[in-house]
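Single-structure report; data block below.
No lab work stands behind these numbers, since they all come straight from the coordinates. Given the structure is predicted, the values throughout are model-derived calculations rather than measurements. Note that each Cβ is placed from the backbone with ideal geometry, even for glycine, and that neighbours are counted across all protein chains shown.
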Amino acid sequence: MLNKVKKIAPILLIVIVIAAAAFVYLRVAAPTGVQAHPGDSEVSLSWNAANVAGYNVEYMPEDGRWSTTNATLNSCTITGLSNGTVYTFRINAIGKNGLVSSYSAMVSATPRPVVETPTAQPKGGEVKKDTKVALTTATDGAVIYYTTD
């Protein structure tokens, strides 16, 4: 019996080493350099990753649960988000071998409406003292700041 164990042990060791090497070789690296760019009710994401089959993009509002969408390129835009709400994003890669990477570093972004440029009446230039100037914008809830110098 001891003789059989001595014969099997080196073979078993070789199998374990080969399996460990294959795992390291097949492992998929997590995406890096994730960037989030907020827009009106959306966030555009981009990241760096090796040649993989696709990505799982997960996002969560500050008081909610994770949602997932898929991407085939190393960028995507998540739409239908609530303006003014902070969202956290994380991404993992899906290797061509079917293995999934660990998550990227998390990033956050807050979608905001596009602010329309304010208009003035009378239009620009110098105005005479005591002239009333009306400042308006089409953006709901926007605050206009001005100076009188």
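Over all other residues within a Cβ to Cβ distance under 13 Å of V86, the charged ones net out to -1, with Lys and Arg as +1 and Asp and Glu as -1.
Sites listed here are GluC sites (Glu not before Pro) in the range 27-106 whose DSSP assignment is loop and whose Cβ has at most 14 other Cβ atoms within 10 Å: E62. Restricting the trypsin sites (Lys or Arg not before Pro) of the range 48-141 to loop positions (DSSP other than H, G, I, E, B) with no more than 13 neighbouring Cβ atoms within 10 Å leaves R65, K96, K123, K128, K129, K132. Residues in the range 91-97 carry Karplus couplings, in order, of 9, 10, 9, 10, x, 5, 8 Hz; the curve used is 6.51 cos²θ - 1.76 cosθ + 1.60 with θ = phi - 60°, and Gly or Pro positions show x.
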